[in-house]
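Beneath this line is the structure, given in structure tokens, with notes to follow.
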Amino acid sequence: MPPSVLSGPHYLREGLKLVLSPGLRLFVLLPLTVNLLLFVGLITLAVRQFERWVDALMPSLPQWLAFLDYLLWPLFVALVVLMVFFTFTLLATIIAAPFNGFLAEKVEVVVRGDDHFPPFHWRELAALAPRTFSREWRKLSYLLPRALFLLILSFIPVLNLLAPPLWLLFGVWMMAVQYIDYPADNNRLSWEEMLAWLRARRWQSLSFGGITYAALLVPGLNLLVMPAAVAGATLFWVREGGVPVVGKAA
């Protein structure tokens, strides 16, 4: 085992190996196809609107400070990239939520070697969908007020210089929240219990969230990273002390 504080890359790498195994590919292909179409659509929109979005966010400086435009422009380019990435990740995870929840169940079975989940049936996946969509709504209610605060901050002159690093830190934390929630929810942890579980492992969580965030920023690779992150988060859950609930129904 690697040092726990730096375990994020290890878990993501092992998660990628798991989702490429024959038994788990089925639960990756469908959401992967849907997310590929979504990714192409958002990238096309971003390419067409990119310069306009950067100009809208850039502060208007007095003439005597015009030289700072060259220093600030890369900062606000990074801000737009982070916001586009955030939007894609949000939409993609909502679409893939039932599949990700089911994938997390099956990965936990493989890792523990103890199948306390029912055998697969499409009815099982359909039954899982309402619960996972409900949990996604809970994530949105956690995410949106904080994202709105950062968005407003992005338009306030001078203070908006803080926006890119704050967006980055928030994004890293949300990656840990997003993916650890699948195995936590499968094992009936409440939202508050799941957050407490992550906070008790803050640096491990940020390590996992950070490597996932970085990998998701790579075009093309990000489509495979999402199921790998689900599997990696499940490994994180099991090996960092997540306790299974035995005998539950889907």
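Given the options Leu150, Leu161, Leu168, name the one that is free of Cβ contacts under 8 Å to residues at least 60 places away in the same chain and touching a Leu at 6+ places or on another chain (Cβ under 9 Å). Walk me through it before giving the result.
Working: Leu161 fails: free of Cβ contacts under 8 Å to residues at least 60 places away in the same chain; Leu168 fails: free of Cβ contacts under 8 Å to residues at least 60 places away in the same chain.
The conditions single out Leu150.
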Of all the residues that make up segment 180-208, how many are touching a residue at least 24 places away in the same chain (Cβ under 8 Å) and more than 17 Å from Leu6 (Cα to Cα)? 10
Based on this model, can you work out whether Asp181 counts as under 22 Å from Ala96 (Cβ atoms), open to solvent by less than 10 Å² (accessible area, probe 1.4 Å) and among the acidic types (Asp, Glu)? yes
Exactly one condition in (1) at pLDDT 70 or above; (2) open to solvent by 20 Å² or more (accessible area, probe 1.4 Å) is not met by Asp69; state its number. (1)
For segment 183-201, name all the residues that are modelled with pLDDT under 90 and part of a helix (DSSP H, G or I). Asp185, Asn186
I'd like to know if segment 159-173 contains one or more residues that are closer than 22 Å to Gly101 by Cα, out of contact with any Ser or Thr (no Cβ under 6 Å at 6 or more places or on another chain) and at pLDDT 90 or above. yes
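Listed residues Tyr142, Tyr213; which is assigned to a helix (DSSP H, G or I), of a type in the set (Phe, Trp, Tyr) and open to solvent by less than 10 Å² (accessible area, probe 1.4 Å)? So that I can check it myself, show each step before the final result.
On the way: Tyr142 fails: open to solvent by less than 10 Å² (accessible area, probe 1.4 Å).
Just one listed residue meets the conditions, Tyr213.
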Taking the condition of being assigned to a helix (DSSP H, G or I), over 22 Å from Thr212 (Cα atoms), among the aliphatic types (A, V, I, L, M) and open to solvent by less than 70 Å² (accessible area, probe 1.4 Å), how many residues in segment 145-175 meet it? 2
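The values are calculated or read from the model by the stated rules, or taken from the named source; none is laboratory data. Quick caveat, the model's predicted, so the values are computed rather than measured. Here Cβ is always computed from backbone atoms with ideal geometry, including for glycine, and neighbour counts include all displayed protein chains. Side chains included, ligands, DNA and RNA excluded: accessible areas come from the protein's heavy atoms. Shrake-Rupley method; radii C 1.70, N 1.55, O 1.52, S 1.80 Å.
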